[in-house]
Structure formats: C-alpha cells, structure tokens
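Peer 1: First, the structure itself, so that you have it in front of you.
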Amino acid sequence: MKPFTLLALLLGASQSAGATALDPQFAATLGGQTVQPTQRPAPRFTAFSAGNALFGVFGALSSVSSGDKLVADNQIDDPTPRLSRTLAQRLATSYGMLAAPQALALDDSDNAALAAPAPDGRLLVDVQGSWKFAYLGLDTSHYQVEYGARAKLIDSATKKVVANANCQAQSDRKLQPPTYDEMLANQAARLKRALAALSEACGEQLSHELLGQPALPVALTLPFAPLTVDDPVPNLSPKGQERFRLFLQKPLPRAFAISDNGYSVSVAGTRPENPALPSDPRARALQLCQDYAHRACQLYMVDDKIVYGSH
C-alpha cells in the first residue's frame, strides 16, 4: 500500500466533488437490458488504537495489519458487495432492467471496471468501499466506526462512467461510543451491526444520488448499536442465556460471571442476603460461580460493560 493511500485511509475519505446522476434520456434506453454488480476484494481494515498512534508510520502500518487479523478472526464480512447488489436491484426496478444473477469479479485497481472484458450486463454497478475504526482523539478508551463507499455506474458498451456518487458514514462519537473490548466482544457483534447500519445508510444516499431522485434526509452519523439480549454469551446453556436476559434488567451495580462448562451467576446490589458473601458484586459473582461450577470462572459483564476477555 502506498504511503499517501494509507494516510488517506487513516484520515477518512475526502469530501466528494459532487454526485453525477444517471441521465434520464440514457436511462430510458435501458429497459430490458441487464444491470450487473461488481465484486472486488475486501479492502484493508484499519484498527487504529492509541497504542498504534505512538509509533507514527510504523503504528499506522501495524493498525492495518492488526485490522486485517481482526476481520479474519471474527469473520467480519465486507458490506460492500451487498451494497453493490442492492444498488443494482434498485436500478433494475427503476428502469425495467434485468438484474444479473452473479456479480462480476474484479481486482482492486481503480480502472478494473472500465477495462473488464465482455461483462454480462449493459450497465455495471461498481462500488469500492473503505472501513475502519479509531479511538476518539483525546479519549483513547472509546472508539468510532467509519464506512465509506464510492459508486460508479458504467456503460459497458462505451466503457464510460455515466453516473457516480460517494458516501461517508460514521457512528456517533457522542452517543455511548464503545470501548475496544465492548466493540469486539461476542465475535465483534457490535462492530458488525455498526458496519451493517452504516452501509445501509450509504445505500440510501447513493441510490438517490445515482438515480437523480429527490434527496431524502439520510442520517450518515448513527448511534452505536447497544448490547442486546440477542448477543451470544460464551459457553452458556439456553437456561444461562435466559439468566443473562434477566440480568440486563437488574439495577446497577451488577455483575455476571461464567465458567467454561456453561454455568453462570447473576448478582446485583451491594447487600447480599448472605452477609458472609462479599458486598462487591464482582467478587460475589465470581465466588458464587466458582462454588457452584467447581472450576474457575470469569466475569463476563460488570454494570453495562462487557469485561470478558479484556486486556
């Protein structure tokens, strides 16, 4: 990756020079023809932590390497291919076109779509994405997620770009931004939901700009998805999952501890019924869990924060 490309990735997408919508007269000639989405390799994922920032360019390179590993380890899907398919389907619906059943596979070069030999569609929907998360400036404990998309409509007959639009969406840094551990807990469940929501917001904006439709108020700064009762807790039985659902309704302070054999304990408050137990919910949850499970336990959640596997 070239240094200036990496710098642009870390700083976020530059402001778009403006969208160019599909010409209505040209669009009127597309009925019955095929529109085909493209699919490119997933872009490098940047996970920019405060630790990376201490090492300048080397830290920036490390943030890309660690980001790629994070994506692989947590099986995080790039939302861009789905976005490309969605735009192609909307074009087909709007102009009476046929949606190609398969995407056209391309490499990651900028002009790959223009140089593609004999695609199946008259109109290509080519979307290139970018994704990352980074700590919030002076607040090095909390993180923001960003997703960007650059879309082009290409007339495969003339090899010309007939419409284009850009989008940059981000999670709201003011509304309960997550810590690193909260974002990556449960196979990065909250990060996955954030990327899905941001890419959907971009899809709404891009479809209106490419099709030249009246602009709708699309929010591109979205609140981060909170923890839900549907997030899986490691090693829990169905009964334990139900215990966790009830735990999320308990008042603070509270703690939830788990063992690797599926046992769990949920406690709340600082006045246990048994005065011999610790008043601190964290210590009490661990002690009760270990007493009943007869093996080591770990705290999964304390108050509203996931602490399982924290480092």
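Peer 1: Restricting the search to the range 197-256, which residues are modelled with pLDDT of 85 or more, in contact with an Asp or Glu (Cβ under 7 Å, 6 or more places away or on another chain) and not hydrophobic (A, V, I, L, M, F, W, C)?
Peer 2: PRO253, ARG254
Peer 1: Closer than 15 Å to LEU22 by Cα, under 25 Å from the mean Cα position of the chain (by Cα) and among the acidic types (Asp, Glu), is that true of ASP126?
Peer 2: yes
Peer 1: If I ask for residues that are on the phi < 0 side of the Ramachandran plot, assigned to a helix (DSSP H, G or I) and surrounded by fewer than 18 Cβ atoms within 10 Å (Cβ to Cβ), which ones from the range 170-192 would you list?
Peer 2: Of the residues in the range 170-192, the ones on the phi < 0 side of the Ramachandran plot are 170-175, 177-185, 189-192.
Remaining after also requiring assigned to a helix (DSSP H, G or I): 180-185, 189-192.
Across the range 170-192, the qualifying residue is only ASP181.
A quick yes/no check of all residues on (1) under 29 Å from LEU191 (Cα atoms); (2) touching a strand residue (DSSP E or B) at 6+ places or on another chain (Cβ under 7 Å); (3) among the aliphatic types (A, V, I, L, M); (4) at pLDDT below 85:
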residue: THR20; (1), (2), (3), (4): no, yes, no, no
residue: ARG44; (1), (2), (3), (4): yes, no, no, no
residue: SER66; (1), (2), (3), (4): yes, yes, no, yes
residue: ASP77; (1), (2), (3), (4): yes, no, no, no
residue: THR80; (1), (2), (3), (4): yes, yes, no, no
residue: ARG85; (1), (2), (3), (4): yes, yes, no, no
residue: LEU98; (1), (2), (3), (4): no, yes, yes, no
residue: ASN111; (1), (2), (3), (4): no, no, no, yes
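Peer 1: Another one. Does ALA169 satisfy being of a type in the set (A, V, I, L, M), closer than 30 Å to SER49 by Cα and assigned by TED's automatic domain parsing to the domain that holds PRO43?
Peer 2: Judged against the criteria, ALA169 is a match.
Peer 1: Is it the case that some residue within the range 123-132 is surrounded by fewer than 22 Cβ atoms within 10 Å (Cβ to Cβ), farther than 21 Å from ARG90 by Cα and not basic (Lys, Arg)?
Peer 2: Start the filter on the range 123-132 by keeping residues that are surrounded by fewer than 22 Cβ atoms within 10 Å (Cβ to Cβ), which leaves 128, 130.
Filter once more, keeping what is farther than 21 Å from ARG90 by Cα: 130.
Still in the list and also not basic (Lys, Arg): 130.
Yes, the range 123-132 has at least one match.
Peer 1: So, one more: So ALA88 fits all but one of (1) part of a strand (DSSP E or B); (2) buried (at least 19 other Cβ atoms within 10 Å of the Cβ); (3) not β-branched (Val, Ile, Thr); what number is the exception?
Peer 2: Result: ALA88 fails condition (1) only.
Peer 1: Pairs only if they're at least six apart or on different chains, beta carbon under 8 angstrom, first in the range 186-214 and within 16 Å of ALA169 (Cα to Cα), second modelled with pLDDT under 90 and hydroxyl-bearing (Ser, Thr, Tyr); list them, first residue then second.
Peer 2: Short answer, once both residue conditions are applied: ALA194/SER171; LEU198/SER171.
Peer 1: Suppose we filter ALA194, ALA189, ALA169, ALA165 for residues that are in contact with a strand residue (DSSP E or B) (Cβ under 6 Å, 6 or more places away or on another chain) and either closer than 17 Å to VAL71 by Cβ or among the acidic types (Asp, Glu) (or both); which single one remains?
Peer 2: Among ALA194, ALA189, ALA169, ALA165, only ALA194 is in contact with a strand residue (DSSP E or B) (Cβ under 6 Å, 6 or more places away or on another chain) and either closer than 17 Å to VAL71 by Cβ or among the acidic types (Asp, Glu) (or both).
Peer 1: Can you find a residue in the range 154-164 that is touching a residue at least 60 places away in the same chain (Cβ under 8 Å), buried (at least 20 other Cβ atoms within 10 Å of the Cβ), in contact with a helix residue (DSSP H, G or I) (Cβ under 6 Å, 6 or more places away or on another chain) and part of a strand (DSSP E or B)?
Peer 2: Yes, because at least one residue in the range 154-164 is touching a residue at least 60 places away in the same chain (Cβ under 8 Å), buried (at least 20 other Cβ atoms within 10 Å of the Cβ), in contact with a helix residue (DSSP H, G or I) (Cβ under 6 Å, 6 or more places away or on another chain) and part of a strand (DSSP E or B).
Peer 1: Provide a single number: the residues in the range 270-311 that are more than 24 Å from ASP181 (Cα to Cα), in contact (Cβ under 8 Å) with a residue 12 or more places away in the chain and part of a loop (DSSP other than H, G, I, E, B).
Peer 2: Number of matching residues: 3.
Peer 1: Okay, moving on. In the range 111-147, what count of residues is obtained for those that are part of a strand (DSSP E or B) and within 18 Å of VAL161 (Cβ to Cβ)?
Peer 2: Restricting attention to the range 111-147, the residues satisfying the condition of being part of a strand (DSSP E or B) are 123-136, 139-147.
After this cut, where a residue has to be within 18 Å of VAL161 (Cβ to Cβ) as well, the list is 123-129.
The qualifying residues number 7.
The values are calculated or read from the model by the stated rules, or taken from the named source; none is laboratory data. Since the model is a prediction, treat every value here as computed from it, not as a measurement. Cβ coordinates were reconstructed from backbone atoms using ideal geometry, including for glycine residues, and neighbour counts include every protein chain displayed.
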